[in-house]
1. Could you work out what % of the accessible surface of segment 63-174 is carbon and sulfur, using a 1.4 angstrom probe and leaving DNA, RNA and ligands out of the count?
2. Taking just the C-alpha trace of segment 94-175, give me its Rg and Dmax in Å.
3. Over segment 105-160, what relative contact order in percent results from Cα pairs under 8 Å that are six or more residues apart?
4. With +1 on each Lys and Arg Cβ and -1 on each Asp and Glu Cβ, and nothing else charged, work out how big the dipole of segment 147-198 is about its Cα centre, in Debye to the nearest 20.
5. Quote the accessible area belonging to D223 in square angstrom, nearest 10, computed with a 1.4 Å probe and with ligands, DNA and RNA left uncounted.
6. Using a cut-off of 14 Å between beta-carbons, work out the net charge of the residues near N101 (Lys and Arg +1, Asp and Glu -1, N101 not included).
7. Excluding ligands, DNA and RNA, what is the solvent-accessible area per residue of segment 103-150 at a probe of 1.4 Å, expressed in Å²?
8. Taking Cα pairs under 8 Å and at least six residues apart, what relative contact order does segment 71-165 come out at, in percent?
Amino acid sequence: GCSEPLVIEETFSASKANIPKSLPGMPNLSVKDVTSRSVTLEWTPPSDTGGVHLLGYIIEKRISTSESWERVETVESSCRLFTVENLKEVSGYYFRVSAENEVGSGKASETELVTLKAHASVPSPPTAPLEITPVGPHAIHVEWGAPESDGGAPLEGYKIAVRDAKRQMWMEVGRVAADVQRLKVQDLSEGNEYFVRIFAKNEVGFSDPLENEEAFKVVRPPDYTEEAEDQRSRREETPSLSFSNTETLSSWMREANMDADIQSYTKSSVLRREEYFFRLWYYASKLFK
């Protein structure tokens with residue numbers, strides 16, 4: 001059996017161990033992917049966090065022709081993957097990642113020289129034919145083929161624009177992923193004629209459009225019933241976008257406000273392969289109040 005217990009009459013107090021805090025160690029950094037304009041970095045946490053929890057990671061880049069580092073982003077400590085985008089084409093870069101805790105940031109882990117892939121360009125236009133079929137008095141189905149060339153960079157998706165044949169302005173109705181090549185455009189006017197454009201997009205920009213040569217008239221199919229169309233819409237998985245040809249002030253973005261003696265203006269930063277409309281107001285001091 002068990003004997004009587006030994007009782008120690010002295011008292012003891014437990015205190016929190018005084019663990020010294022320090023800067024964290026280096027993450028283990030590697031390059032996961034390289035394109036013509038982006039680099040994806042991947043890393044694992046440092047084995048030494050400095051005795052405290054990590055707060056995050058600091059990501060920096062340096063172009064090979066410069067000695068100066070530029071901070072790209074500070075991410076949370078749970079982040080292990082990051083893509084540095086909008087890099088200069090046909091350039092070389094160095095990247096580094098450092099861990100940060102409450103004491104400060106530790107020594108950075110740096111990559112070797114990363115050379116971006118060969119120059120990419122915009123994709124070729126989506127492949128014809130552009131098939132347009134009516135599915136109701138106010139909707140059409142649009143279908144197209146993938147571009148013959150992605151321009152040297154993965155396709156990111158498609159942009160769809162629609163124009164009423166009686167108007168000059170194209171309206172972007174939406175964008176879809178690269179694996180979508182069929183969609184439904186709704187809220188059209190029965191009896192009106194429309195043009196449709198499909199643009200392919202990669203990291204460089206948008207392709208030239210695929211466009212119907214003759215305007216397509218929206219007509220009610222002979223066998224159309226609202227009940228049958230509702231049932232078909234529930235069965236199919238075709239993405240649906242809405243067209244609106246109503247122009248409001250919200251469609252316009254204010255660009256600049258100039259003195260009355262200025263008679264010329266240059267808009268320097270515009271997106272390539274986009275269409276723009278400009279309008280000029282004078283004596284309109286109350287318009288934007």
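The values are calculated or read from the model by the stated rules, or taken from the named source; none is laboratory data. Keep in mind that what you see is a predicted model, and the values were worked out from it rather than measured. Positions of Cβ are generated from backbone atoms using ideal geometry, with glycine treated the same way; all protein chains shown enter the neighbour counts. For accessibility, only protein heavy atoms count, side chains too; no ligands or nucleic acids. Shrake-Rupley method; radii C 1.70, N 1.55, O 1.52, S 1.80 Å.
1. 45
2. 23.0, 66
3. 35
4. In debye, rounded to 20, segment 147-198 gives about 160.
5. 130
6. Local net charge: -2.
7. That works out to 49 Å² for each residue.
8. Relative contact order here is 19 percent.
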